[in-house]
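What follows is a set of notes on a single structure, which appears directly below.
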Amino acid sequence: MVELSTPAKWALRLVAVAYVFFLVGWPVINLAQRTFADGWTAFVQTFQDPDVTHALLVTVEVSLWAVAINTVFGVGMALLLVRYEFPGKRLLSALIDLPMSVSPVVIGLALLLVYNGRDGWFGPWLESRGITVIFSSPGMVMATCFVALPLVVREVVPVLEEVGDDQEQAARSLGGNAVQVLRRITLPSIKWAVVYGVVLSLARSLGEFGALKIVSGNLTGRTQTAPLVVEQKYTNFSPDEAYALSFVLVLISVLCIVVVSALRPKESSE
Amino acid sequence: MSIEISNVTKRFGDFVALDDVSVSLPTGQLTALLGPSGGGKSTLLRIVAGLEKADTGRVTIEGVDATRMSPQKRNVGFVFQHYAVFKHMSVAKNVAFGLEIRRKNKDEVRARVDELLKLVHLTQFADRLPSQLSGGQRQRMALARALAVQPKVLLLDEPFGALDAKVRKELREWLRRLHDEVPVTTVFVTHDQEEAMEVADEIVVINDGRIEQVGRPDQLYDRPANDFVMGFLGDVTQLGEVRLRPHDIEIALTPDLAGSVPGDVLRLTRIGFEVRLVVGTEDGREVSVVTTRAHARSLELDAGDRVWITPSSGASTVPAMKSLLAG
């Protein structure tokens, strides 16, 4: 650790706090203020709108599916990347990071190209078997999975590397088969990384906008999700409803973070 | 014969870890695989355990061909250098792991775990987490865990390598006693010749992916097959055309013994009960000599003295081939 003089320490703290405050804190506080500017009336009114409640339900449903799928595949991918050597491993690793660097709108367009029912590459074939991907839940779950793909993998990979495979080898030499070793040794040792990954994915999924706007078709009362409603309300000159819904979305994210830090064991007892 | 290893070769890329190795490790004994780091001894042990696959060759454990068997089917207990404890489980749960995997009934598991914890003196730590144990205690727990499943063979990979000198010494004495109590065929890897000599019934010296010599500790020390074994098992010095151990050189103030060589004491160091001398002979070589403190005192040896040195009768020697070539 670098030793700093007391004034320098305080100056640095001030800069850090001010940075976070002006970038994150103040806007969020303003959002809350704006939501409750006239008391609860606007807030209650917003959630009496069936389109809003439906959008919230759609958001939660799509997010839960995406998180569940991402958790299973994320842990699997992380195990593959850390524990096995195979050709194309670096390419796979790079592809997993792709959603971080590509705009979600582009992801939405790409999915549209492949899966749309009229002239998509794969869409008509699926549609002829009764599976509609675009403008319906499967496409929305896929788009959400895509944007949140790296979050679980990148949380779990460093922990798997740090834990090493000693314990797994010991368990195998004691007679454990692959499933027993995974369930009794590997998963318990990466438990917290998975929890963080899940929470991050959930927060990311709840807030997804760009990819979903394209893939869902933004059909009010059907495929519209909460962030899409926020945008619609805002552009349609009902900012109060937009603020109220935004506040709820922020609240859910904050709750996620609070729950995890409450559940998290103290570092010292590890 | 318990473990038969025949013509095993293992490469990691261009590096040849094991080069056509064949050896048999006897039942019920404590065998040490001894050699320098990177010599292939750990690889050999891991191939026996099934944690590594040989490129070619065969491994037979108790008459069963295990070459292609997965580690969980081999019934082998393995102890790792860095313990490989299950961090999220209590000590008792760690020891019970292999038994629970085998779906033994609860009472049976508890009785066996109690018995093993007693054996490794960890009864009062049963409910602790491994992070609350010292290194020595963790390794004893790992041993109990490996023994719990009553393995046909117990394999230990540098088991005391990560421990400090005192605990190391205690644990190896304890391992020796444990083996006398529970005589399961045991193979352990070490690069510490003292550890191997003290604990093992038989030593396999491995260097550069090849086996240099197999034998009982005395045999290896007294009749080393070659220069490498001699050098690895103890200090070596050169006197005339032979290489021998510094304590196998007689030192005198007069040229009474046949074949004695004159020289001057260049340096003299006292370490505990022994005295180490460096004697410069007339051919310009420096010869190390170790003698007892009492002997050095009776001769009143000091730096600068003229002495006559002779290989003692019955000294184990090898011809000084390597240094002639090198020199």
Would you mind pulling out the separation of the Cα centroids of segment A:216-262 and segment B:167-217, in Å? 68
Work out the FRET efficiency for A:V24 and B:H82 from their Cβ-Cβ distance, taking R0 = 30 Å, and round it to the nearest 0.05. 0.10
Proximal lysines relative to B:K53, as straight alpha-carbon distance under 21 Å, when same-chain residues fewer than 8 apart are discounted: B:K10, B:K41, B:K73, B:K152
Between segment A:123-153 and segment B:1-78, how far is it from one alpha carbon centroid to the other, in angstrom? 50
Test of understanding: in a Gaussian network model of chain A with alpha carbons linked when under 10 Å, which of A:L249, A:L92, A:L202 would top the mean-square fluctuation ranking? A:L92
Label-to-label distance, nm, for residues given as B:D302 and A:F36 (7 Å Cα→Cβ offset): 9.4
If you take the charge dipole of the protein assembly as shown about its Cα centre, with +1 on Lys and Arg Cβ and -1 on Asp and Glu Cβ, which of A:S103, B:I3, B:L257 is farthest toward its positive end? A:S103
With loop defined by DSSP as not H, G, I, E or B, and exposure as at most 15 other Cβ atoms within 10 Å, which is the longest segment of chain A clear of exposed chymotrypsin sites (Phe, Trp or Tyr not before Pro)? A:123-236
May I ask you to sort A:C256, A:C145 by Cβ crowding, counting other Cβ atoms within 10 Å and putting the fewest first? A:C256, A:C145
Result row for chain B, helices from DSSP H with C-alpha axial extent 27 Å or more and mean Kyte hydropathy at least -1.0, is none
Can you give me the Cα centroid spacing of segment A:20-92 and segment B:233-276 in angstrom? 79
Hey, in the GNM for chain A with a 10 angstrom Cα cutoff, which one of A:G217, A:G207, A:G88 fluctuates hardest? A:G88
Scanning chain A for trypsin sites (Lys or Arg not before Pro) in DSSP loops with at most 10 other Cβ atoms within 10 Å, what's the longest stretch left with none? A:130-265
Computed on Cα atoms only, the convex hull of the protein assembly as shown has an orientation-averaged projected area in nm² of 42.5
Which order do B:T291, B:T56 fall in if you start with the one that has the fewest other Cβ atoms within 10 Å? B:T56, B:T291
R0 of 60 Å, Cβ-Cβ distance A:V15-B:K106: FRET efficiency to nearest 0.05: 0.50
Can you figure out the FRET efficiency of A:L109 with B:Q124, using R₀ = 51 Å and their beta-carbon distance, to the nearest 0.05? 0.20
Just to confirm the filter: which GluC sites (Glu not before Pro) across segment B:183-291 are DSSP coil and have at most 14 other Cβ within 10 angstrom of their Cβ? B:E241, B:E282
Gyration tensor (Cα only) of segment A:149-270 to equivalent ellipsoid, semi-axes in Å sorted down, yields 41, 17, 10
Antiparallel DSSP bridges in segment B:38-195: what percent, to the nearest 5? 20
Residue farthest toward the positive end of the dipole of segment A:49-269, with Cβ of Lys/Arg at +1 and Asp/Glu at -1: which of A:L64, A:L91, A:S253? A:L91
The aspartates and glutamates whose Cα lies under 16 Å from the Cα of A:K89, excluding any fewer than 8 residues away in the same chain, are A:D97, A:E161
Need one word for segment A:49-269: rounded, prolate or oblate. Basis is the Cα gyration tensor (sqrt eigenvalues a ≥ b ≥ c); a/c below 1.5 gives rounded, then a/b vs b/c decides. oblate
Run through segment B:1-59 and list the trypsin sites (Lys or Arg not before Pro) located in a DSSP loop whose Cβ has at most 15 other Cβ atoms within 10 Å. B:K53
For segment B:247-320, shape from the Cα gyration tensor axes a ≥ b ≥ c, cut at a/c of 1.5 then a/b versus b/c, turns out rounded
Span-rule helices in chain A, defined as complete DSSP H runs reaching 15 Å or more along the axis (Cα) with Kyte mean at least -1.0: A:6-20, A:50-83, A:89-101, A:104-115, A:137-163, A:187-207, A:239-263
Relative contact order [Cα under 8 Å, 6+ residues apart], chain B, whole percent: 17
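Since every read-out is calculated from the coordinates, none of them should be taken as a lab result. What you see is a predicted model, and the numbers here were worked out from it, not measured in a lab. Here Cβ is always computed from backbone atoms with ideal geometry, including for glycine, and neighbour counts include all displayed protein chains.
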